[in-house]
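Participant: Starting off with a structure, shown below.
Bear in mind that the values in this text are calculations on the coordinates, not laboratory data. No experiment lies behind these values; they were computed from the predicted model shown. Note that we place each Cβ from the backbone using ideal geometry, even for glycine, and neighbour counts take in every protein chain shown.
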Amino acid sequence: MNTAIVYSSITGNTKRIAESLKLSLSGSVIFHVDDAPVPENFDLIILGYWVDRGTSDKKMTEYMKRLNQCTIFLFGTMGADPEGEYAKGVKTAVERNLSGCRLMSHIQCRGEMQRSTLDRFVKVLEKNPEDELAVRKVNSYHASYGHPDDEDIKTIVDSAKKIVYELN
Ligand SMILES: Cc1cc2nc3c(=O)[nH]c(=O)nc-3n(C[C@H](O)[C@H](O)[C@H](O)COP(=O)(O)O)c2cc1C
């Protein structure tokens, strides 16, 4: 089975998961989205994105839109709670970028946010403690700290292994 792992990442969270997948899936090959391969050569393409303003980051979104008739396993990292309503909306928005493909599974987990984001929203709260967006962002910063952790990575790796097993 020819498996490609294609990821996008600016602060390293999504890259860490992609690299763990590479180590766990024998024979797989890994690419940064800037060097993404011709999709036709692969039986399974694993795509890793990070969430930017409610959907997949721009680079991964553009790559997803180029795919057609591919078998896909999707994973994403985000600051917000992956079990919440917001994450459901993100999932829907991300999946809209894939047309004519077979989506096997889609998993999201938290990914640690940048310290600069915390500092920015703490300043907002100093001026206006009621600011709902700032409260949400500060909470997300603390909840996402240390993620993806070993458990997050294991969940995604195990799920990908299961898909590979089913497709074989
Ligand atoms: C510019 C920017 C925008 C972001 N937008 C969101 C967002 O809309 N929702 C969210 O839950 N997290 C958001 N995040 C948090 C990232 O999705 C999260 O930290 C992710 O794990 C980063 O992945 P990476 O380390 O692979 O780059 C944003 C982060 C940045 C830097």
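Participant: For the range 75-92, what does the Karplus curve 6.51 cos²θ - 1.76 cosθ + 1.60, with θ = phi - 60°, yield as ³J(HN,Hα) per residue in whole Hz, taken in order and with x for Gly and Pro?
Facilitator: Listing the rounded values in order: 9, x, 10, 7, x, 6, 5, x, 8, x, 4, 4, 5, 4, x, 4, 4, 4 Hz.
Participant: Right, here's the next one. Where nothing but the Cβ of Lys and Arg (+1) and of Asp and Glu (-1) is charged, how large is the charge dipole of the range 3-66 around its Cα centre, in debye to the nearest 20?
Facilitator: Values: 8 positive and 8 negative charges, 41 e Å.
Result for the range 3-66 is approximately 200 debye, rounded to the nearest 20.
Participant: Hey, another quick one. Please sort 56-63, 3-10 by packing, taking for each peptide the average over its residues of neighbouring beta carbons within 10 angstrom, highest first. Write out the running numbers ahead of the final one.
Facilitator: On the way: 56-63: 19.8, 3-10: 22.4.
Per-residue mean Cβ counts within 10 Å order the peptides as 3-10, 56-63.
Participant: Could you pull out every residue, at least 5 positions away or on a different chain, whose amide H is within less than 5 Å of the one on SER56? Hs are placed 1.01 Å off N in the peptide plane, and Pro or chain starts have none.
Facilitator: So SER56 has HN proximity to VAL94.
Participant: Over the residues of the range 64-115, compute the C-alpha Rg and express it relative to 2.2 N^0.38 Å. Intermediate values should be presented prior to the final figure.
Facilitator: Details: Rg = 12.2 Å, N = 52, 2.2 N^0.38 = 9.9 Å.
Taking the Cα Rg and dividing by 2.2 N^0.38 Å, one obtains 1.23.
Participant: What order do you get for 91-101, 41-51, 14-24, 151-161 when each peptide is scored by the mean count of other beta carbon atoms within 10 Å, highest first? Show your work: numbers first, answer last.
Facilitator: Working: 91-101: 15.5, 41-51: 22.4, 14-24: 19.5, 151-161: 17.1.
Highest to lowest by the protection proxy: 41-51, 14-24, 151-161, 91-101.
Participant: Kindly give Rg over Rh for the range 97-139, based on alpha-carbon atoms, with the Kirkwood expression for the hydrodynamic radius. Numbers along the way, then the final one.
Facilitator: Values: Rg = 16.7 Å, Rh = 13.0 Å.
Answer for the range 97-139: 1.28.
Participant: A further question follows. Please work out, to two decimal places, the log10 of the ratio I(q)/I(0) at q = 0.21 Å⁻¹ from a Debye calculation in which every Cα of the range 16-138 carries one identical scatterer.
Facilitator: Values, matching the q order: -1.22.
Participant: Below 25 Å, Cα to Cα, which lysines can LYS137 reach? Residues fewer than 8 away in the same chain don't count.
Facilitator: Straight-line reach from LYS137, under 25 Å: LYS15, LYS58, LYS59, LYS88, LYS91, LYS123, LYS127.
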